[in-house]
Amino acid sequence: MFVGRKYELSKLNALYEKASFQMAVVYGRRRVGKTTLIKEFCRGKRALMFTALEQSDSDNLSDFNRALIGFFDLPAAMGGFPSWSDAFAFIAEKARDERFIFVFDEFPYAALRNEALPSTLQIAIDHQFKDTGLFLILCGSNQGFMESQVLGHKSPLFGRRTIQIKLGPLGYRDAAKMLAGLDAQEAFRFYGCFGGVPYYLQQVDPGLSLRDNLAGLYFDQMGFLYEEPYGLLRQEFQEPALYNSILRAIAAGANRTKQVADRTGIAQTSLPRYLKSLETIGIIEKAIPFGENPETSKHGIYRLAEPCYLFWFRFVMPYTSDIEAGLGEAVVNALPNEQIDEYLGHRFEALCAEWLSEQARQGTLPIPATSVGSWWGANPAKREQDDIDVLAADRVTKQLIACECKYRKSFDETAEIEDLESKRNLIRGYTASHFMLFSKNKTSKATQAKLAEHPEWRLMTLDEMYAE
């Protein structure tokens with residue numbers, strides 16, 4: 001089932017309508033749906049699709065020759081082309097007469113076995129492809145390679161692409177479409193634990209409870225997600241154990257460089273490059289209090305951005321020995337509801353930020369927001385540390401929408417409303433002109449009636465976030 005990706009498809013189709021040579025670079029972590037997106041784009045179009053494997057260069061070239069013979073209906077007896085350059089020249093010749101798509105999937109696998117391949121392809125683009133109507137797509141899961149050896153300024157292919165798409169996980173709305181039959185409350189619980197990677201969601205059985213799915217996918221040695229995080233680290237990095245230690249430290253609450261260094265034993269001066277690599281593939285993110293300069297802020301913190309990894313390091317890794325002893329189901333059933341709800345509370349804040357970003361893009365917020373984030377720091381009025389869970393800001397007019405996020409069955413609604421209003425001028429240079437209270441369930445009728453008289457306020461429930 002193909003879900004979402006409307007924006008990416010619209011961009012690819014707009015390029016396809018042009019008659020000239022186009023080169024699209026599509027990359028992103030494995031399982032995120034790159035090939036599925038490309039196949040959907042190619043539906044109804046003439047497309048030569050080739051996927052390189054982790055094998056020798058001669059084997060990849062042989063497979064490519066077979067793909068050419070099949071696509072162009074050539075006689076098998078011809079034996080194929082002796083080199084990549086000869087094969088590319090043949091494709092260019094055919095592309096002068098007809099418009100078709102050439103997909104080179106998992107390009108890094110081929111290029112790592114033949115270091116000259118990017119240069120060979122660059123020569124073909126500059127001297128042959130550019131005068132044709134060929135639509136070339138280079139795709140890869142090795143994000144580091146794609147960014148340095150395909151898109152990087154030192155790459156022979158630099159400047160040739162006409163579009164680049166770094167594909168990320170699905171948003172919460174599209175993820176819910178893959179979990180048919182779940183109401184908003186359950187859809188969020190699954191999204192919070194499994195994230196938006198399409199292939200992960202395909203493994204989920206919506207007919208089973210969340211705990212049953214967790215037991216089968218995370219807490220079982222043969223479960224699909226039991227070793228998935230470490231598998232990605234092995235694919236992307238030469239020192240997976242080191243990166244594993246860093247992620248474990250961050251998941252345990254070591255969110256600053258010195259704390260990670262102390263927890264892992266890695267020199268603090270060496271950590272930035274490792275952390276940057278994890279940021280690049282989207283596993284962690286560095287969050288900065290809104291309004292501060294990312295380059296100079298001393299208050300930045302690292303946190304896991306991928307729900308699957310966050311859940312795995314938070315709940316699975318501490319019990320790997322028990323799981324391998326066959327006690328995984330007992331472990332997941334023993335997890336207190338309070339711990340899972342606490343975890344989901346943090347994911348709820350991320351969901352609210354995602355909702356705000358979506359509304360900002362659609363222009364439906366009360367201010368023309370150009371930024372979504374959060375804030376933490378010293379509150380002079382309280383003389384203590386404070387925070388704003390989520391905010392949307394217009395950097396031109398210096399207006400804010402300040403938001404509180406509550407993933408609880410009940411809380412002191414009046415106290416939270418008054419507390420949020422007290423932060424109206426907390427961020428220097430900005431004024432909170434609007435407020436929002438996001439909640440798991442509906443607030444009391446008294447609160448609804450009270451805030452109905454204040455147009456600067458809006459209440460939003462989890463159900464409403466999914467329904468709009």
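The values are calculated or read from the model by the stated rules, or taken from the named source; none is laboratory data. Since the structure is predicted, the reported quantities are computational estimates derived from the model, not experimental observations. Positions of Cβ are generated from backbone atoms using ideal geometry, with glycine treated the same way; all protein chains shown enter the neighbour counts. Remember, those area values only see protein heavy atoms, side chains included, never the ligands or the DNA or RNA. Shrake-Rupley method; radii C 1.70, N 1.55, O 1.52, S 1.80 Å.
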Output for segment 250-276, where each listed residue is open to solvent by less than 40 Å² (accessible area, probe 1.4 Å) and either closer than 17 Å to G373 by Cβ or under 21 Å from the mean Cα position of the chain (by Cα) (or both): I250, A251, Y274, L275
Where a residue in segment 114-132 is under 12 Å from A89 (Cα atoms) and its partner, wherever it lies, is of a type in the set (S, T, N, Q), with Cβ under 6 Å and at least six apart: T120/S85
Residue in segment 387-395 that is closer than 30 Å to Y199 by Cα, open to solvent by 60 Å² or more (accessible area, probe 1.4 Å) and within 24 Å of the chain's Cα centre (by Cα) present: no
Options E349, E358, E354; residue that is in a helix (DSSP H, G or I), more than 16 Å from E285 (Cβ to Cβ) and modelled with pLDDT of 95 or more: E358
Those residues of segment 410-443 which are assigned to a loop (DSSP other than H, G, I, E, B), open to solvent by less than 50 Å² (accessible area, probe 1.4 Å) and in contact with a helix residue (DSSP H, G or I) (Cβ under 8 Å, 6 or more places away or on another chain), in sequence order: K440, T443
Qualifying residue in segment 318-326 (condition: open to solvent by less than 20 Å² (accessible area, probe 1.4 Å) and over 22 Å from G377 (Cβ atoms)): yes
Hits in segment 133-178 - residues which are within 15 Å of A24 (Cα to Cα), without any contact (Cβ under 8 Å) to a residue 12 or more places away in the chain and out of contact with any Leu (no Cβ under 8 Å at 6 or more places or on another chain): G152, G159
Pairs where the first residue, in segment 310-330, is free of Cβ contacts under 8 Å to residues at least 12 places away in the same chain and the second is buried (at least 16 other Cβ atoms within 10 Å of the Cβ) and among the hydrophobic types (A, V, I, L, M, F, W, C), C-beta under 6 Å, 6+ apart: D322/V331
3 or more residues closer than 22 Å to M1 by Cα: qualifying helices (runs of 4 or more DSSP H) within segment 198-250: 198-203, 210-217
Filtered residues of segment 18-34 (kept if of a type in the set (S, T, Y) and in contact with a Ser or Thr (Cβ under 8 Å, 6 or more places away or on another chain)): Y27
Which numbered condition G196 misses (of (1) open to solvent by 10 Å² or more (accessible area, probe 1.4 Å); (2) within 22 Å of E279 (Cβ to Cβ)): (1)
Unmet criterion (only one of (1) touching a residue at least 40 places away in the same chain (Cβ under 8 Å); (2) in a helix (DSSP H, G or I)) for A449: (1)
Subset of segment 452-468 [open to solvent by less than 50 Å² (accessible area, probe 1.4 Å) and part of a strand (DSSP E or B)]: W457, L459, M460, T461
Residues located in segment 146-175, provided they are open to solvent by 30 Å² or more (accessible area, probe 1.4 Å) and either assigned to a helix (DSSP H, G or I) or acidic (D, E) (or both): E147, S148, Q149, R173, D174
Criterion: at negative phi, in contact (Cβ under 8 Å) with a residue 24 or more places away in the chain and either in contact with a Ser or Thr (Cβ under 8 Å, 6 or more places away or on another chain) or not β-branched (V, I, T) (or both) - qualifying residue of L68, L15: L15
Residue list for segment 282-309, filter: in contact with a Phe, Trp or Tyr (Cβ under 9 Å, 6 or more places away or on another chain), more than 26 Å from D220 (Cα to Cα) and touching a residue at least 24 places away in the same chain (Cβ under 8 Å): A287, P289, F290, G291, H299, I301
Any chance D183 is within 22 Å of Y7 (Cα to Cα) and either among the charged types (D, E, K, R) or free of Cβ contacts under 8 Å to residues at least 40 places away in the same chain (or both): no
Segment 233-247, subset buried (at least 18 other Cβ atoms within 10 Å of the Cβ) and not hydroxyl-bearing (S, T, Y), residue nearest to G373 (Cα to Cα): L247
Segment 327-336: number of residues that are surrounded by fewer than 16 Cβ atoms within 10 Å (Cβ to Cβ) and of a type outside the set (A, V, I, L, M): 2
Hits in segment 373-426 (condition: in contact with a His (Cβ under 8 Å, 6 or more places away or on another chain) and of a type in the set (A, V, I, L, M, F, W, C)): W376, L400, I401, A402
Residue among G44, G133 that alone is on the phi > 0 side of the Ramachandran plot and modelled with pLDDT of 95 or more: G44
Of residues in segment 354-386 being among the charged types (D, E, K, R) and surrounded by fewer than 16 Cβ atoms within 10 Å (Cβ to Cβ), the one nearest to Y466 (Cα to Cα): R361
